[in-house]
Amino acid sequence: MEKKGRDAIIERFRHIAENTPEYVRSLKEKGRLSAGYMCTHVPEEILYAAGIVPLRILTSHESQAMTRGYIHETYCSFSHDCAYQGLKGDYDHLDLIVTSSSCIHMGEAFNVWVRFAGFQDKSYLMQYPHIIHTKPAGGFMAESFKQFKEFVEKLTKRSVTDNDLEEAIKVYNHNRRLLKRLWEFLRHDRPPITGPEVAAVTLASQVMDKKECNGMLEQLIERLEAEPGQAAPGVRLMVTGGACDDLGLFDLMEHLRYDTSIIFIDSCTAARYFWFEVPEGRHDKLEALAEGYIGKIPCPAKDTVPGTGEKKRFRFVQQFIEDFKPDGVIFLYQRFCSPQPMDVVALKPIVDKLGIPSTELELDTTVPKAQFQTQLEALVEIIKGVTP
Amino acid sequence: MAYNITTWGDVKNYQTNCYRNYLFAPGGLRCMGSTWSPLAPLKGLGDDIHVIGGEPHSASAAGTVPAECREDIIAAETGGLGFHSCSYLKLFVGEVIRDKIAITDKTIKDGYPRPDVIWTTHLCSQHSKWYQEVSRRLGGVPMYAIDMIGGGNAEKDPKIVNYVSDQIEAGIEWLQRVTGREFSDELFVKAVRNEIKVLVLWGNICALNMHSPAPLDERRLIALFPPAVVDRTTDESVRIYEKLLKEVKHMVENGESVAPDQRFRIVYFGIAHTYGHPEMARILRDVGAEIVASVYTFGTCGNFKGIVNGKWTWEPIDPAWVDELDLSTRRKAITELSKIVLGWPTWQGVRSYWALEEMAKAMVTEYKADGLLLAPSRSCETDFRNGYIAMQRIFKNQIPTIEYDTDQVDVRKMDLPGAQRKTELFVHLMEAHKKGGA
């Protein structure tokens, strides 16, 4: 039976999130230029201002051995899977692949695309600070953005004006505000949308033309605002950690032996992607972009406050805990990832101190469902005080 | 007959004294951080600065008291650090957790000496996180990490040089604030010149291995570079390397070597595993195969000409160039320091595959390699692991190449029998290649 209303919109989002190459091909058929990017520290606004649709390279979770011949096995499965997307040729329609210097693993995935997947002449590596909180970082970023803008202008053979940039900033900020409104539903006692659905929409937003995405988001939010909540949320679970685009895992979190709801996901494939804004109406658009991107919830790979060594992300995590009131926290990270697990060591005592039970899930290309289910149910039992 | 390096005693004493000072000096300022940090700014704070660098300390402790260090690694893992995390990091944090520290004269001191400041760098994804964890475990130590943006040819990119220089300049202000000490530009400039001089001198010593026979082998290179990594800012460190350069030049002039039987010359990419696993070096030694060049021993604390006219060269920089450097203002001294540190070969490949490959190609050519040995370190995510597999593809039709996994200090991660078999095969391949058969 054909789905209608909210369900149809959510299904469309999920389909795009899980079939990105198909979406890229559709852009090509419409005559649009598109650029893949590897890390969310790429200022998409610059590409968008030049008429290019930026799309995040996401993974397919296929068990494969191809990338072992290009990247060391001890790089995270997310980087392997992203490299695989290039090697298997599904993204040949892209006009450009770009990344900013971020974690080493994703840098290697990018290198594979450039060296072995046919992107040698259509790639760009942007210099981006590894520590975003230093005073000189803003100027350095603005300069890097300027170089990137010049590259994009050369590629598209058109100049990118301040008006183009301002327009792109507004479109992107609008998208961020809409996504934020969507996530705010999860704070309710009876939310009209589930955590996995919100995660799917957020993921799709990373691979879509933002104007199209905004239109769909507006329709969805309008419908959700008119709807009553669907069910009592059960045990409220918050996820915090690294990149995870495996929507099946989020489905699993809400399909345990107990009623559970995902009420927040702090990761670069979820809230960290959009939980910031770029100042509008500024004279210097590139400086505005730098300011906006510095204000992001930091990736653990870039999070060191000079002078104290503080991890700024923890402030956000604590704020999210206060606002979204989870009963339990799930630390999620990719196997072989360096910075994420290093943060867990320091974050877990903070969560413990707040009296919130937690568990850790280590991700690989495919998810061991039965094992994770047992682990998650054990967490819920701890929360509910179930006696064995 | 194998030559015995006479400067060795000076090197060993210097290294041990640095560590003993950090452990036992009654006063002064204790500073901790990555050895890949520009150290001279610390020396602007006085004559009583005692430094301990993460990587060299972990490496030398593991070589000196391996059983103790295995306990450190296990303690770190029990404390929550992942099995796959950097093992230098885990060993270091493990000492903090166990509240004891081991140094190169086999002293094991109970009570971890708390640093006054952490002055470090950030390049790989764990570099500054290492000291965030140390700081947290010690209840909060003031910490300043410099973002070394890196990438091929970084030292020649004014944007990057300015960025790093700005951070160092702000860092000097910070150092004054947190230590309450006045910064002496005179001491700083002196330390900058020494730091640059040592890095250039070490580059010159390594470059002498282009000769045949190469005067130094890998194990000797590893043993001789500690002063340059532990504290390269002192007059004494300059004196040691000037003496060593003179001695190694003399060896070349007389055709001498610490390992004179050199039928096969090997270029090596990887961290110093032959030190922790001498049995690997022995397989090579028994057939007259020696590692004569490696990015790790050359490039961790040595500078070379680098990219000239678009191509990498391992040619050394004239030490006299250092004496001519204009360090007349703080900013000028900072800029030169930034350039030299950014120019380290080990930085280049971390963020730039093409620089890594250019370095490998140049090393194979300039050091006349008969074989390329790639031994990526399982827990080091920088250029000691990335790009290796791609490099096999590049060299597969040129010279015999093998790869096996190692780890810098965690012996659990080394498949020793497998690596030995591969190394034996490698030797056969080089033999056959020399005869025109492979």
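Annotations
- In straight-distance terms, cross-link reach from A:LYS30 covers every one of the lysines whose alpha-carbon lies under 18 Å from its own, apart from those fewer than eight places away in the same chain; here that gives A:LYS210, A:LYS211.
- Cα long-axis angle, helix A:5-18 against chain A (0 to 90 degrees, to the nearest 10): 60 degrees
- When the Gaussian network model of chain A links Cα atoms closer than 10 Å, the mean-square fluctuations of A:GLN334, A:GLN127, A:GLN147 top out at A:GLN147.
- Computed from the Cβ-Cβ distance with R0 of 41 Å, the FRET efficiency linking A:GLU212 to B:GLN398 stands at 0.25.
- Taking the DSSP bridge list for the protein assembly as shown and keeping only pairs wholly inside it, about 15 percent are antiparallel.
- Long-range HN-HN contacts of B:THR401 with modeled amide H, under 5 Å: B:LEU372
- Geometric extent, Cα atoms of the protein assembly as shown - Rg, Dmax (angstrom): 27.2, 90
- 24 Å Cα-Cα threshold exceeded, pairs from A:LYS28/A:LYS88; A:LYS122/A:LYS180; A:LYS149/A:LYS170; A:LYS353/A:LYS384: A:LYS122/A:LYS180
- Computed E for B:HIS250/B:VAL178 - FRET, C-beta separation, R0 60 angstrom, nearest 0.05: 0.85
- Chain B - share of DSSP beta bridges that are antiparallel (%, nearest 5): 20 percent
- Net charge, A:SER77 excluded, C-beta distance under 9 Å - Lys, Arg +1, Asp, Glu -1: -1
- Summary of the geometry: the stretch B:263-318 and the stretch A:191-220, compared by the centres of their Cα atoms, lie 53 Å apart.
- Global form of the stretch A:12-165, assessed from the alpha-carbon gyration tensor, a/c cut-off 1.5: oblate
- For chain B, averaging the sequence separation of C-alpha pairs within contact (under 8 Å, six or more residues apart) and dividing by the residue count gives a relative contact order of 18 percent.
- Taking every C-alpha pair closer than 8 Å and separated by at least 6 residues, the mean separation divided by the residue count of the stretch B:160-271 gives a relative contact order of 31 percent.
- Exceedance of the 28 Å cut-off in Cα-Cα distance is limited, within the set B:LYS305/B:LYS413; A:LYS348/A:LYS369; A:LYS135/B:LYS43; A:LYS302/B:LYS90, to B:LYS305/B:LYS413.
- J(HN,Hα) series, the stretch B:373-381, from Karplus relation 6.51 cos²θ - 1.76 cosθ + 1.60, nearest Hz, glycine and proline x: 10, 10, 10, x, 8, 4, 10, 10, 8
- With K and R counted +1 and D and E -1, the other residues having a Cβ less than 11 Å from that of A:ASP189 yield a net charge of +4.
- Placing a label point 7 Å from the Cα of B:LEU416 along the Cα-to-Cβ direction, the residues of the stretch B:269-303 with a backbone N closer than 19 Å are B:271-286.
- Antiparallel %, DSSP beta bridges [both residues in chain A], to 5: 0 percent
- In sequence order, calculated HN-Hα J values of the stretch A:236-252 (Karplus, 6.51, -1.76, 1.60; Hz; x Gly/Pro): 8, 10, 10, 10, 9, x, x, 4, 8, 10, 8, 5, x, 5, 5, 4, 4
- Cα gyration tensor category, rounded, prolate or oblate, for the stretch B:55-125 with a/c compared to 1.5: rounded
- Only Cα pairs under 8 Å and 6+ residues apart enter the sum, and on that basis the relative contact order of the stretch A:253-306 stands at 26 percent.
- Mean-position separation - Cα centroids, the stretch A:290-309 and the stretch A:347-388, in angstrom: 28 Å
- When both the stretch B:1-66 and the stretch A:237-289 are represented by their alpha-carbon centers, they are found 44 Å apart.
- Cβ-defined net charge surrounding A:LEU379, 15 Å radius [Lys, Arg +1; Asp, Glu -1]: -4
- Shape category assigned to chain A from the gyration tensor of Cα positions, a/c cut at 1.5: rounded
Rule-based calculations on the coordinates, nothing more; no lab input. Every value quoted in this text rests on a predicted model; they were computed, and no experiment measured them. Glycine also receives a Cβ, built like all others from the backbone with ideal geometry; neighbour counts cover every protein chain displayed.
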